[in-house]
Amino acid sequence: MAAAKKKVFSGIQPTGELHLGNLVGALRNWAQMQEDYETYYCVVDLHAMTVPYDPVAFGTARLETAKLVMASGIDPRRSVFYFQSQVPQHAELAWVLSTITGIGQLNRMTQYKEKADRTGQNLGLLSYPVLMAADILIHKVHAVPVGDDQRQHLELTRDLVERFNHRFGEVFPVPERITPEVGARVMSLQDPTSKMSKSDPDVRSRLLLTDSADQIRRKVRAAVTDSGRTVDYDWETKPGISNLLELFSVAAGRSTEDLAAEYRDQGYGRFKGAVAEALCEYMAPVRERYEGMEDAEVSRLMSEGAAEARRRAAVSMATVWEAVGLSTRP
Ligand code: AMP
Ligand code: TRP
């Protein structure tokens with residue numbers, strides 16, 4: 001008998017438009033992992049409720065996110081892909097996990113501190129990582145492809161698995177974090193010391209997956225570079241150039257060292273021109289697939305995904321209830 005495939009879960013928030021950091025840090029791995037794993041992917045709409053949002057625009061935002069994820073190569077025939085809120089077991093498991101989570105550990109989460117400073121505290125924001133752990137554990141997965149900014153949340157998830165299994169028996173595998181070697185942390189084009197983010201007010205800081213070739217060229221040309229004139233891969237002295245080199249490397253499928261050697265003395269202008277062209281080519285298929293998608297069809301696929309996810313989540317949630325002493329069997 002063939003060995004069962006290992007399982008993968010990851011999620012993305014429907015807040016704002018998806019950008020190149022999402023693609024390079026996470027989505028390209030999601031797509032790749034469909035080859036060898038049983039894959040579960042989710043638009044985490046419950047997570048997006050932890051910061052102020054507009055309920056009227058929310059439905060559209062989450063559908064747009066689903067479309068862009070599919071356009072990035074996630075195939076709903078190969079992955080179980082759905083909206084988190086449509087699978088109630090995520091919230092149920094989050095409750096169970098919350099009872100073994102220390103508040104001190106949640107208080108120390110960097111993302112919590114940042115968001116609480118920006119948008120104010122609420123219990124959902126504090127327990128955000130517990131819901132994320134539930135997302136990962138509900139399908140008992142082995143691996144989680146994410147960008148570097150999710151490191152701390154994954155550590156918490158692993159802690160919770162150890163605590164849960166120790167107390168209630170071996171229910172969950174300890175999930176591994178999968179981050180790309182190059183591009184795990186794509187930086188803002190306007191400030192290479194902060195990450196490219198959906199919430200940055202400066203739209204020139206990020207390349208959107210929906211940007212036209214012209215917009216990509218303009219933003220890359222306007223990207224902040226460093227003093228000096230040589231193209232070097234050195235995050236200490238040349239963070240702006242190093243960020244572009246990493247993007248170039250992913251887009252062109254060549255190493256940063258190789259590209260730095262070729263462009264070292266060609267000047268920033270020529271270098272940026274070449275980066276822009278490589279990115280245009282890399283991003284075009286995603287934009288084209290996105291433009292060819294029908295909202296109604298994507299909605300239908302998401303409903304089917306949720307139905308399948310509910311069936312599978314119900315099976316694993318029953319093992320959790322059993323373990324904690326609340327068996328659902330008659
Ligand atoms: P979010 O947009 O925060 O829901 O993130 C979705 C996925 O994209 C997560 O796996 C993040 O780690 C990843 N991600 C977000 N921003 C970046 C970035 N600037 N560089 C690399 N990965 C990122
Ligand atoms: N916290 C993640 C982010 O901001 C999104 C997320 C929610 C997630 N649940 C997840 C990522 C489970 C991986 C696995 O990007």
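The values are calculated or read from the model by the stated rules, or taken from the named source; none is laboratory data. A quick note: this is a predicted structure, and the numbers were derived from the prediction, not measured. All Cβ positions, glycine included, derive from the backbone under ideal geometry; neighbour counts span all protein chains shown. Ligands, DNA and RNA are stripped out before the accessible areas are found, and what is left, the full protein with its side chains, is counted by its heavy atoms. Shrake-Rupley method; radii C 1.70, N 1.55, O 1.52, S 1.80 Å.
Selection over the stretch 8-44 of residues that are near ligand 2 (Cβ under 9 Å from one of its atoms), open to solvent by 10 Å² or more (accessible area, probe 1.4 Å) and not in a loop (DSSP other than H, G, I, E, B) gives a count of 4.
Among the residues of the stretch 260-277, which ones are in a helix (DSSP H, G or I), farther than 15 Å from residue 24 by Cβ and open to solvent by less than 70 Å² (accessible area, probe 1.4 Å)? Selection gives 260, 263, 268, 269, 271, 272, 273, 274, 276. Those residues that are part of a loop (DSSP other than H, G, I, E, B), of a type outside the set (A, V, I, L, M, F, W, C) and more than 9 Å from ligand 1 (Cβ to nearest atom), I need them from the stretch 200-225; list them, please. Within the stretch 200-225, 200, 201, 202, 210, 211, 212, 225 meet the criteria. Is it true that residue 202 is surrounded by fewer than 16 Cβ atoms within 10 Å (Cβ to Cβ), under 30 Å from residue 268 (Cα atoms) and either touching a helix residue (DSSP H, G or I) at 6+ places or on another chain (Cβ under 7 Å) or modelled with pLDDT of 95 or more (or both)? In short, yes. Number of residues in the stretch 45-85 that are closer than 15 Å to residue 295 by Cα and open to solvent by 50 Å² or more (accessible area, probe 1.4 Å) equals 3. Is at least one residue of the stretch 209-217 within 16 Å of the chain's Cα centre (by Cα) and within 15 Å of ligand 2 (Cβ to nearest atom)? Checked the stretch 209-217: no residue is within 16 Å of the chain's Cα centre (by Cα) and within 15 Å of ligand 2 (Cβ to nearest atom). The residue pairs whose first member lies in the stretch 181-206 and is more than 16 Å from ligand 2 (Cβ to nearest atom), whose second member is of a type in the set (Val, Ile, Thr), and whose beta carbons are closer than 7 Å, counting only pairs six or more residues apart or on different chains, are 182/250; 182/256; 189/224; 190/224; 191/224; 192/224. Within the stretch 285-299, is even one residue open to solvent by 20 Å² or more (accessible area, probe 1.4 Å), in contact (Cβ under 8 Å) with a residue 60 or more places away in the chain and touching a Gly at 6+ places or on another chain (Cβ under 9 Å)? The answer is yes; a qualifying residue exists.
Looking only at residues in the stretch 120-171 that are acidic (Asp, Glu) and either near ligand 2 (Cβ under 10 Å from one of its atoms) or in a loop (DSSP other than H, G, I, E, B) (or both), the one that is most open to solvent (accessible area, probe 1.4 Å) is 170. Here the condition is being at negative phi, in contact with an Asp or Glu (Cβ under 8 Å, 6 or more places away or on another chain) and part of a helix (DSSP H, G or I); of 5, 67, it holds for 67 alone.
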